[in-house]
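The values are calculated or read from the model by the stated rules, or taken from the named source; none is laboratory data. A quick note: this is a predicted structure, and the numbers were derived from the prediction, not measured. Ideal geometry is used to build each Cβ from the backbone, glycine not excepted, and the neighbour counts take in all protein chains shown.
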Amino acid sequence: MPKATKTGSAKKPAAAPYSKGKASKAPKNPLFEKRPRNFGIGQDIQPTRDLSRFTKWPEYVRLQRQKVILNQRLKVPPAIAQFANTLDKNTATNLFKLLNKYRPESKQEKKGRLDAAAKDIADGKKGDAKADGKKPLFVKYGLNHCVALIEAKKAALVVIAADVDPIELVVFLPALCRKMGVPYVIVKSKASIGALVHKKTAAVALIQEVRSEDERELANLVSAAKANYLDKAEEIRRHWGGGHLSQRSNHKLAKRAKIAALQPKPVAAAAPAAAAEDDDE
């Protein structure tokens with residue numbers, strides 16, 4: 001016989017301690033109407049987005065961007081890749097502070113000096129500009145002039161621009177400086193060197209001598225140049241640049257590698273020794 005079921009009130013479990021009650025919704029202000037928007041085609045106006053990616057830029061801007069991307073994607077040989085290793089900001093600031101003290105005279109300064117010399121001659125005074133016998137100390141610039149001074153080992157520090165176009169104009173200069181034992185640095189902008197010598201741009205500049213009060217500062221810059229460039233000559237000669245894929249390509253390759261890892265590996269073929277045993281039988 002089946003057992004009779006017990007009748008009676010079932011025991012309720014005890015309420016959980018510290019139970020949170022249902023949060024009551026805050027009353028909404030009826031003055032603010034809810035207006036949901038539909039951003040489908042032909043519906044509400046789309047929200048403002050950053051569309052600079054789709055902007056049709058001028059040709060010179062497109063060429064600049066394409067050149068940067070191309071240098072990142074392709075493998076760049078060491079002779080050209082070394083120009084990506086530019087001087088750090090603090091050292092470059094100290095370098096240009098020193099070089100600004102030895103800027104060549106501008107056209108106005110030269111005109112004023114010649115006018116003063118002509119006036120002295122007219123007054124019967126000795127009009128020799130080099131009467132004190134001291135050699136004027138200026139920053140030297142101009143590619144051919146700088147190359148001649150480097151070959152003669154008369155340069156104390158050479159400054160080369162990294163963004164020279166075509167790069168073939170200066171691509172040989174680091175190797176020439178290393179051969180002659182002349183310290184050199186590579187800076188980011190040819191415009192900064194150009195501003196130093198009263199030009200729009202300049203590919204290279206150098207300093208030969210400085211006054212006694214600036215010798216210590218020049219020695220610090222020369223030691224930094226040797227540590228960053230001359231002492232790392234072998235590393236620079238071997239280091240290739242570029243070869244960096246885009247973010248989209250990296251994601252695609254990572255996805256392929258993940259799929260390949262999940263696929264089962266093919267079973268290896270039977271060893272040839274087993275086939276030889278069958279032949280013996």
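Within the range 67-113, being among the aliphatic types (A, V, I, L, M) and under 20 Å from the mean Cα position of the chain (by Cα) holds for 68, 69, 70, 74, 76, 79, 80, 81, 84, 87, 92, 95. The single condition from (1) part of a loop (DSSP other than H, G, I, E, B); (2) among the hydrophobic types (A, V, I, L, M, F, W, C); (3) modelled with pLDDT of 90 or more that residue 118 fails is (1). In the range 134-150 there is at least one residue that is under 15 Å from residue 204 (Cα atoms), without any contact (Cβ under 8 Å) to a residue 24 or more places away in the chain, out of contact with any strand residue (DSSP E or B) (no Cβ under 7 Å at 6 or more places or on another chain) and of a type outside the set (Gly, Ala, Ser). In this structure, does residue 228 turn out to be in a helix (DSSP H, G or I) and within 17 Å of residue 86 (Cβ to Cβ)? Against the criterion (in a helix (DSSP H, G or I) and within 17 Å of residue 86 (Cβ to Cβ)), residue 228 qualifies.
Only one entry of 155, 205 meets the criterion of being assigned to a strand (DSSP E or B) and either in contact (Cβ under 8 Å) with a residue 40 or more places away in the chain or touching a Phe, Trp or Tyr at 6+ places or on another chain (Cβ under 9 Å) (or both), and that entry is 205. Any residue at all in the range 247-259 that's within 21 Å of residue 145 (Cα to Cα), modelled with pLDDT under 95 and not hydroxyl-bearing (Ser, Thr, Tyr)? No, the range 247-259 has no match at all. Residues of the range 97-111 include none that is modelled with pLDDT of 90 or more, exposed (fewer than 11 other Cβ atoms within 10 Å of the Cβ) and of a type in the set (S, T, N, Q). The condition of being within 14 Å of residue 82 (Cα to Cα), out of contact with any Phe, Trp or Tyr (no Cβ under 7 Å at 6 or more places or on another chain) and touching a residue at least 24 places away in the same chain (Cβ under 8 Å) does not hold for residue 181. Note on the range 218-234: among residues that are without any contact (Cβ under 8 Å) to a residue 24 or more places away in the chain and of a type outside the set (A, V, I, L, M), the one that is surrounded by the fewest Cβ atoms within 10 Å (Cβ to Cβ) is 234.
Of the residues in the range 34-44, at least one is charged (D, E, K, R), more than 21 Å from residue 191 (Cα to Cα), at pLDDT below 90 and part of a loop (DSSP other than H, G, I, E, B). Of all residue pairs spaced 6 or more apart or on separate chains, those with beta-carbon atoms under 6 Å, a first member in the range 235-246 that is within 12 Å of residue 75 (Cβ to Cβ) and a second member that is modelled with pLDDT of 90 or more and assigned to a loop (DSSP other than H, G, I, E, B) are 242/74.
For the condition aliphatic (A, V, I, L, M), part of a helix (DSSP H, G or I) and either without any contact (Cβ under 8 Å) to a residue 60 or more places away in the chain or in contact with a Gly (Cβ under 7 Å, 6 or more places away or on another chain) (or both), residue 92 does not qualify. Is it true that some residue in the range 72-93 is loosely packed, with under 11 Cβ neighbours inside 10 Å, more than 30 Å from residue 184 (Cβ to Cβ) and acidic (Asp, Glu)? No.
Among the conditions (1) exposed (fewer than 15 other Cβ atoms within 10 Å of the Cβ); (2) touching a residue at least 60 places away in the same chain (Cβ under 8 Å); (3) assigned to a loop (DSSP other than H, G, I, E, B), residue 200 misses just one, which is (2).
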